[in-house]
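See below for the structure under consideration.
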Amino acid sequence: MKRILLGGGALTVLAVAVLISQAPRANADRANSPNPADELKIVAEAKNPWTNLQLNDAPDQFQFAVISDRTGGHRAKVYSRAVQQINLLQPTFVMSVGDLVEGYTQSREQATSDWDEFDRYTKQFRMPFFYVPGNHDLATNVLSDVWKERYGRQNYHFVYKNTLFLALNCEDMQGKQRILPQQQEEIKKALEANPGVRWTFLFVHEPIWTARDLEANGWLEVEKLLAGRKYTVFCGHLHRYQKYVRNGMNYYQLATTGGGSRMRGVEYGEFDQVAWVTVKKGAPVIANIVLDGVLPESLETIPSDEPGRPVRASPVPLHPATATVTFQGKPAPGATVLFFTTIEKPAPGKSKYKLAADGLTMADGKARLTTISSFDGIAAGEYIVAVIQTGGYRKPGELDKLNKFPAKYSSASQTPFKATVTADGKNEFHFEVTE
C-alpha cells in the first residue's frame, strides 16, 4: 500500500512540474508576466477535467462598452438603469455615439437642465465615459456653446493598449452631416502619429457613409485616410440596429439605450442595448447585449427616478391590422410591408407619398402593422402598399439592391397593391407577389 501511495505522489509531483514548465508555452501572452503569483496554479494529471489551460486573459486584452441614442422621446428609467447594468458588466470604459440629450432648444436654461440630468446619471459610472455629440446635442448655437463650456472639444482621440480611438462630430450648424476639411486634417494627424496601432475604432453619430455623395460629406476622404488599417466604426442616429461592411471592415449602427423606439424586437433591430467589445490580439469580438437580460444578483429591478419624454400620440384611433405576403404561392418571410398615404399637395421637391405604418413578415408570411409603438395598428383609410424582400426590416429606398422581389412592388408610385382599413373590420390583407 505504501508503494502505491508513494507512486501516486510521485506522479502528482511530475504532473505539477510539467504544468509549470509548459504554462508559458500554453499561454504565450502571459509568459512575460512580471508577477508569477498571477499565474494559474493547478495540479495536472494524465487525464484532466478541462479542455485546456490557455486562459483568455492576455495582458493586452480588454473590454469596453458602447451606448447608443437616448433622444427622440427618451423612455423613462432606461438610460439611468443602463448605467448600473454596465457597472455590473465592469468594462474598462464606456464610449457613446451621440444624441445624449433631447436638445433642439434655443433656451440656455433648458439646455443646461437637460445636460445636468444626463450627467447626474452618467457620473454614476464606475469607469470613464467618453462623450460623442449627435444632432440633438448640437442642433442650435446655444447647444453648441453649452457643449463647449461643459465638455470642450467635439473631436478628439486617445490610445489605449496600442488601440486608437477616434471620436468624431459629424454635425454642422446647417443641419448637414459631414466631416469638414479641418476634421479630416485632425484625423490624418492622429493616424500619422499612431501608425503601428493594432486596431482603430471610430465613433460618429450618423451613418454618413449611406449618403449619396461621400466626397461632398467628407467620409470618402476619411476612408482614404484609413486605407490599409484595421478598423471598426460605430454610429447610432436611426434607433435601429444594422451592420454594414465597407472596404472589408465592419460598420455598426446601434439601436437605442433609452431613445425613442417602437421596440418591436430584435427582428426589427429595435431594442435597448449596449455593444460589448473585446479587444484581442486579432480582430475585436463584438457582442450586442440586450439590456433586458442584464440583472443584478438579487434579480430585483434597479431603482430609478429618471423621467422620460412622452412620445407623440396618434390623433386618430388605430386599429389592429395584418398583412400576409406570398411569393409564387408560398409565404414570404423577411419582407417589409409599407402602407403609404397620398399627399394631395406635397412641398416642392418632396414625395407625394407618406409612410403611415409598416411591418415585417414572419415565417408564415404575416406581418403585424405598427404606426407609433409596438404593433399598435393603423388608422382607418385608403392606402397604397409596397413590399420589399431583403430578408430583414428595411425602410423605403433602403438597400433596394438587396431586394429579391420585382422592383415595381417596392415603389409606392408603381406598386399594384392597395388596402382599405376600416374601424370595424378584421383588416387582414393578402398580397401575392409574382415575377
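The values are calculated or read from the model by the stated rules, or taken from the named source; none is laboratory data. This structure is a prediction, so every number in the text was calculated from the model and none was measured. Every residue, glycine among them, receives a Cβ derived from its backbone with ideal geometry; neighbour counts consider all protein chains shown.
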All-but-one check, residue 137 against (1) of a type in the set (Asp, Glu); (2) touching a residue at least 24 places away in the same chain (Cβ under 8 Å); (3) over 18 Å from residue 70 (Cβ atoms), failing number (3)
Quick one: how many residues across segment 221-234 are farther than 16 Å from residue 163 by Cα and out of contact with any Leu (no Cβ under 7 Å at 6 or more places or on another chain)? 5
I need the full set of residues from segment 106-139 which are at pLDDT below 95 and either crowded, with 22+ Cβ neighbours inside 10 Å or of a type in the set (Val, Ile, Thr) (or both), in order please. none
Here's a check for you: in segment 319-371, which residue that is under 30 Å from the mean Cα position of the chain (by Cα) and among the acidic types (Asp, Glu) is surrounded by the most Cβ atoms within 10 Å (Cβ to Cβ)? 358
I'd like to know if segment 206-215 contains one or more residues that are touching a residue at least 24 places away in the same chain (Cβ under 8 Å) and more than 23 Å from the chain's Cα centre (by Cα). no
When the residues of segment 179-208 are filtered to those that are in a helix (DSSP H, G or I) and acidic (Asp, Glu), which remaining residue is surrounded by the fewest Cβ atoms within 10 Å (Cβ to Cβ)? 192
Consider only pairs whose beta carbons are under 8 Å apart and that are at least six residues apart or on different chains; among these, list those whose first residue lies in segment 70-91 and is closer than 22 Å to residue 103 by Cβ and among the aromatic types (Phe, Trp, Tyr) and whose second residue is part of a loop (DSSP other than H, G, I, E, B) and at pLDDT 95 or above. 79/70; 79/257; 79/258; 79/306
Test of understanding: among 356, 379, 313, 332, which residue is of a type in the set (A, V, I, L, M, F, W, C) and closer than 18 Å to residue 432 by Cβ? 332
If I ask for residues that are over 24 Å from residue 299 (Cα atoms), among the small types (Gly, Ala, Ser) and surrounded by 14 or more Cβ atoms within 10 Å (Cβ to Cβ), which ones from segment 46-72 would you list? 58, 68, 72
